[in-house]
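Take a look at the structure set out below.
The values are calculated or read from the model by the stated rules, or taken from the named source; none is laboratory data. All values derive from a computational prediction rather than experimental measurement. Note: ideal-geometry Cβ built from the backbone for every residue, glycine included; neighbour counts use all protein chains shown.
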């Protein structure tokens, strides 16, 4: 720095009033730069996340997926085609019991569930891949999305996106998105200690390849057909609520099943199902169980058993189980 410029800067600093709580010029510059870079990270991550849906739906691809949850591992084959605005997909279990899921435009069919071939409308049945829900993750109150480093999965370059939980009520996520298409190549549900609780990763992937028609057909000779139409979920209010649910969680659905009630709470990524059922009034107790990323907590007292279960930390499941009550002014029945 030139001596004259340095002297001017020093003189300017001496003529300005000094406030105890006002940061110095270098500190302000650092904070401004940090905010600017953070803004770039957030915007970039959001752009990547919004590309996931079109990548999953409109790309042709086939490959092998490995899913790991705790000590359990499963291998799946996937075939996906998008032609003439029609989406077709077949997901086949390559390990364990023979199972497959077939999608043909608006119809989804499950085979190997133990109930014979079962078909559903895709509009209410949902898609095979949970990654689609990440599109709006950057705007959810419970999470922050940041660009990570560049990795490599299935011999393809990948942009890593970290979806970090803002508190301990939920888990975070890490995504590896194909640099060319934003197709999720790997997804990990991250635990409280920063280690993955479960993962799904392509070990082999052919992008831009239209699968052979035979690989998109169901293995059953009955062919793909409509067997059942899922309810659109317009059930009446079951009359129960979780009091002051954790930040970001809201009641998304509720229904009555005879004398029992099911509530579904979600923060946009994590979901907790709450089941309320009658039981003898003279019994009381609680129990907790964990399997991989799933935590369940059960509380029974006062003639009711409440079970909360979801891919959330143990304290979240316990909170939901312990804070259920009848909604004021609504007849609960049972």
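Name the single residue, out of those in the range 180-195 being surrounded by fewer than 20 Cβ atoms within 10 Å (Cβ to Cβ) and either in contact (Cβ under 8 Å) with a residue 60 or more places away in the chain or not assigned by TED's automatic domain parsing to the domain that holds residue 86 (or both), that is nearest to residue 55 (Cα to Cα).
Looking at residues that are surrounded by fewer than 20 Cβ atoms within 10 Å (Cβ to Cβ) and either in contact (Cβ under 8 Å) with a residue 60 or more places away in the chain or not assigned by TED's automatic domain parsing to the domain that holds residue 86 (or both), I get 181.
Quick one: how many residues across the range 264-293 are surrounded by 16 or more Cβ atoms within 10 Å (Cβ to Cβ) and either outside the structural domain of residue 322 (by TED's automatic domain parsing) or not in a strand (DSSP E or B) (or both)?
Here the count works out to 5.
Would you pick out the residues in the range 300-323 that are farther than 18 Å from residue 249 by Cβ and in contact with a strand residue (DSSP E or B) (Cβ under 8 Å, 6 or more places away or on another chain)?
300, 301, 303, 304, 305 - these are the residues of the range 300-323 that are farther than 18 Å from residue 249 by Cβ and in contact with a strand residue (DSSP E or B) (Cβ under 8 Å, 6 or more places away or on another chain).
Quick check, is residue 174 at pLDDT 95 or above, in the same structural domain as residue 105 (by TED's automatic domain parsing) and more than 16 Å from residue 55 (Cβ to Cβ)?
So residue 174 passes the test.
Taking the range 97-144, which residues are assigned to a loop (DSSP other than H, G, I, E, B) and at pLDDT 60 or above?
If the condition is that a residue be assigned to a loop (DSSP other than H, G, I, E, B) and at pLDDT 60 or above, then 97, 98, 99, 105, 106, 112, 113, 114, 140, 141, 142 are the ones that fit.
Starting from residues that are under 19 Å from residue 190 (Cα atoms) and exposed (fewer than 14 other Cβ atoms within 10 Å of the Cβ), keep the ones in the range 41-96 and report whichever is modelled with the lowest pLDDT.
Per the stated criteria, the residue is 70.
Identify all residues within the range 148-204 that are in a loop (DSSP other than H, G, I, E, B) and more than 30 Å from residue 315 (Cα to Cα); write none if there are none. Show your work before the answer.
Filtering the range 148-204 down to residues in a loop (DSSP other than H, G, I, E, B) leaves 154-155, 166-171, 179-183, 191-195.
Once the filter is applied, which keeps residues that are in a loop (DSSP other than H, G, I, E, B) and more than 30 Å from residue 315 (Cα to Cα), the range 148-204 yields 154, 155, 179, 180, 181, 182, 183.
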